[in-house]
1. From the set of residues in segment 103-155 that are hydroxyl-bearing (Ser, Thr, Tyr) and touching a residue at least 40 places away in the same chain (Cβ under 8 Å), which is surrounded by the fewest Cβ atoms within 10 Å (Cβ to Cβ)?
2. Take residue 170 and tell me if it is part of a loop (DSSP other than H, G, I, E, B) and at pLDDT below 95.
Amino acid sequence: MAHRALQAKIVMVGDTHVGKTAILWRYTALCPSQGALPSSRIGTVGIDFKVKTISFNDTTVRLQIWDTAGQERFHTFTTSFFRGAHGIVLVYDITNAKSFQNISHWMQDIHEKTDEDVEVILLGNKCDKETERVVPKNSGEKLAWEYGIPFFETSAKDNTNIEDAFLVLAKEILNKSSCVLLDVDAVDLNAGTKKTTCCKL
């Protein structure tokens, strides 16, 4: 069977300071299991992205992961990046009840501004801060069940469930036909601009 190379756009969303940037840093680090997280508490301004390439059997998937600002003043700018997304990583902070309550607003934006076949996962981040928890784990599980999406409690600090969460999302995306097929012979998956053609899996 011929090797396939796919590219998928993933967007991380959620309120400010829920840990989206830390999760992305941990997932895309050269050695995710080692090293301390950046200590900065400055929220993402506007948009940023990183790339991670993973493989499943005969398929290589280049994940282009966009880290969006959670501040209200960037809301319109942030949601404009939903267009063309294959996956959404929706994040709240288990120590911040408001960030959990706002998940419903983010889900409304997702439904309004993405294709109906976009894959979404819900992450309850900072599970290392158990003594500061205000959102019970079963509340996150219940909400995810209501939306029909996968749920993980994660810790970017301890590298808990980060890899597993993105792996589940990537596999769900692979089951859809909206990825972009890359010309494997013509591109370097670690390079910049790619030659692409549409495909059906």
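The values are calculated or read from the model by the stated rules, or taken from the named source; none is laboratory data. Small disclaimer: the values here were computed from a predicted structure and weren't measured. All Cβ positions, even for glycine, are placed from backbone atoms using ideal geometry, and neighbour counts span all protein chains on display.
1. 147
2. no
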